[in-house]
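In what follows, a single structure is set out as structure tokens and then discussed.
The values are calculated or read from the model by the stated rules, or taken from the named source; none is laboratory data. Just so we're clear, the structure is a prediction, and the values are computed from it rather than from any experiment. All Cβ positions, even for glycine, are placed from backbone atoms using ideal geometry, and neighbour counts span all protein chains on display. The protein model used for the area step is the full one, side chains on, heavy atoms only, and it has no ligands, DNA or RNA in it. Shrake-Rupley method; radii C 1.70, N 1.55, O 1.52, S 1.80 Å.
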Amino acid sequence: MSGTEKSKAHAEQAKGKAKETVGRAVGNERMTAEGQAEQTKGKTRHAKEDVKDAFRR
């Protein structure tokens, strides 16, 4: 996995987790949902890179 894509995936997941936590703390359902969506996007990016790595070998 390329270093930059891996970094982006982890950063996206962390940002999503933070947003979800803040959304839950203040009772903002929209922010909570956005945070969950960002986490999913980061996980998807990570999985895509894993698949690309598997085909490189």
Complete set of residues in the range 39-57 that are open to solvent by 80 Å² or more (accessible area, probe 1.4 Å) and in contact with a helix residue (DSSP H, G or I) (Cβ under 7 Å, 6 or more places away or on another chain): LYS41, LYS43
Answer residue from the range 20-38, given it is of a type in the set (D, E, K, R) and under 24 Å from LYS6 (Cα atoms) and is least open to solvent (accessible area, probe 1.4 Å) among those: GLU20
Members of the range 4-18 that are open to solvent by 50 Å² or more (accessible area, probe 1.4 Å) and among the charged types (D, E, K, R): LYS6, LYS8, LYS15, LYS17
Residue match in the range 49-57 (condition: modelled with pLDDT under 95 and not in a helix (DSSP H, G or I)): yes
Pick from the range 1-35, criterion of a type in the set (D, E, K, R) and within 25 Å of VAL51 (Cα to Cα), ranking: nearest to the chain's Cα centre (by Cα): GLU12
